[in-house]
Structures are given as structure tokens and as C-alpha cells.
Amino acid sequence: SLDLNQSAANFIADLSDIIDSGTNMYSYGSSMEPVLEESDPVLGQGGKITCFYTGVAYSSGWNKEHVWAKSHGFPTKSAYPYRDLHHLRPTEISINSSRGNSDFGEVSNPTGQDEYGNKWTSSVFEPRDEVKGDVARIIFYMATRYSYAPFNLTVVNSTVTSSSDGNGRIGHLNTLLKWHYQDPVSGAEIH
């Protein structure tokens, strides 16, 4: 039902309306954990989840990662993007801390890295190859879903340090587009 001949802004607004239709929002907190246990399970190992950035199974010691860092446009728990389960993923606590609120991009000289393929600097995080496309599609979903005020989420080709002007931004667009094509949608992502 989308008009493919309309302006980009109107197309995104219409697509945002479609995505929004019929959604259920949970309050941020422990009520989300059973949903994440269902969305990121370790098959055959009841009660365990898969860490998004490592692929390792956990039954405890994990937390909720905001793939679109909340400091990039929606710092309060009551805001819809803050609690949108599409971009909340279970992660091991230390890798979530290493990522912090960094933008996504390719890291050639990491200040940190792990055995799973994640690399980072103080401002850019490059996830393991297996989830690069997932990250890109999550970011694109968020930019489409919350393209309107007061969030105005936008993917940009730079590193972002502040969203104090009311425009939520995250980078790096060209890298995320590349990751989207290099890492096609997987069965786990469809699940």
C-alpha cells in the first residue's frame, strides 16, 4: 500500500506508520527478559540465551544491549525507542560495556578486541562478522520507525558525540549499508 512515487520523507513517514501499527510496548525492565529469552534462545538448552555479540550461551550474567545506543537520541526509560524490543538484544555484560555507546564502523587499529571477532576504539565498535548485517538492519529499522519528532533518528556517515539538539544520530551509514549486503538475513534473525 506504499506509494513508491512519493518523496523520501513521506515514504519513510508512511513506512513508520505501517511498522507502528499494532505494536505492543513493554515497560523497560525485567518484563522484557522472557521475551528476549524467546527471541534469542540456545536451541536444545532450555532457559539459555545467545549473546548477540559473542554467540555464547548464557543462563545468567547477561543484560539488555541497546543496539541503537540510548544516548544517541532517547535517554529516558519511558521513551518508546528505549524499550523497543527490536533493538534490545541480550549481551554478556563485559562486551556490552566495551561497546558502550559507540557508533558502528570498521576498526583498523583497535584499542580492544576479543576472541569472537569484536573490535573497538573509544568511539567505534565493529561487531563480529556473523551479526554485522543484523546490526545494520536493526539500525535501519530504528531510523525508519522513529524518524519523527522528538526522536528524529537518522543514520549518518560520521561519529556522533551528542544528541543534545534533539536529533538522534548514529553512524556510519556507508559501513552499515555494506554490512547489510555482506551478511544476508539468517534463520536466527528471522526467528
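The values are calculated or read from the model by the stated rules, or taken from the named source; none is laboratory data. From a predicted model like this one, the values you see are computed outputs, not experimental measurements. Quick reminder, even Gly has a Cβ in these numbers, built from the backbone with ideal geometry, and neighbours come from all protein chains shown. Side chains are part of the model used for accessible areas, which takes the heavy atoms of the whole protein and leaves out ligands, DNA and RNA. Shrake-Rupley method; radii C 1.70, N 1.55, O 1.52, S 1.80 Å.
State whether the residues of segment 153-174 include one that is within 21 Å of residue 55 (Cβ to Cβ), open to solvent by 60 Å² or more (accessible area, probe 1.4 Å) and more than 12 Å from the chain's Cα centre (by Cα).
no
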- Hits in segment 1-25 (condition: over 16 Å from residue 86 (Cα atoms), assigned to a loop (DSSP other than H, G, I, E, B) and not small (Gly, Ala, Ser)): 2, 3, 4, 5, 6
- Task: For residue 140, work out the one condition from (1) surrounded by fewer than 18 Cβ atoms within 10 Å (Cβ to Cβ); (2) under 12 Å from residue 72 (Cβ atoms); (3) within 12 Å of the chain's Cα centre (by Cα) it doesn't fulfil.
- Result: (2)
- When you go through 129, 84, 103, 183 one by one, which is the residue that is crowded, with 17+ Cβ neighbours inside 10 Å and over 14 Å from the mean Cα position of the chain (by Cα)? 183
- Task: Go through segment 33-56 and give me each residue that's aliphatic (A, V, I, L, M), open to solvent by less than 40 Å² (accessible area, probe 1.4 Å) and either more than 21 Å from residue 125 (Cβ to Cβ) or in a loop (DSSP other than H, G, I, E, B) (or both).
- Result: 42
- Task: Kindly indicate whether residue 148 is open to solvent by 30 Å² or more (accessible area, probe 1.4 Å), under 12 Å from the mean Cα position of the chain (by Cα) and closer than 23 Å to residue 74 by Cβ.
- Result: no
- Task: Just give me the residues in segment 11-32 being open to solvent by 70 Å² or more (accessible area, probe 1.4 Å), in contact (Cβ under 8 Å) with a residue 12 or more places away in the chain, farther than 14 Å from residue 142 by Cα and not polar (S, T, N, Q), in sequence order.
- Result: 26
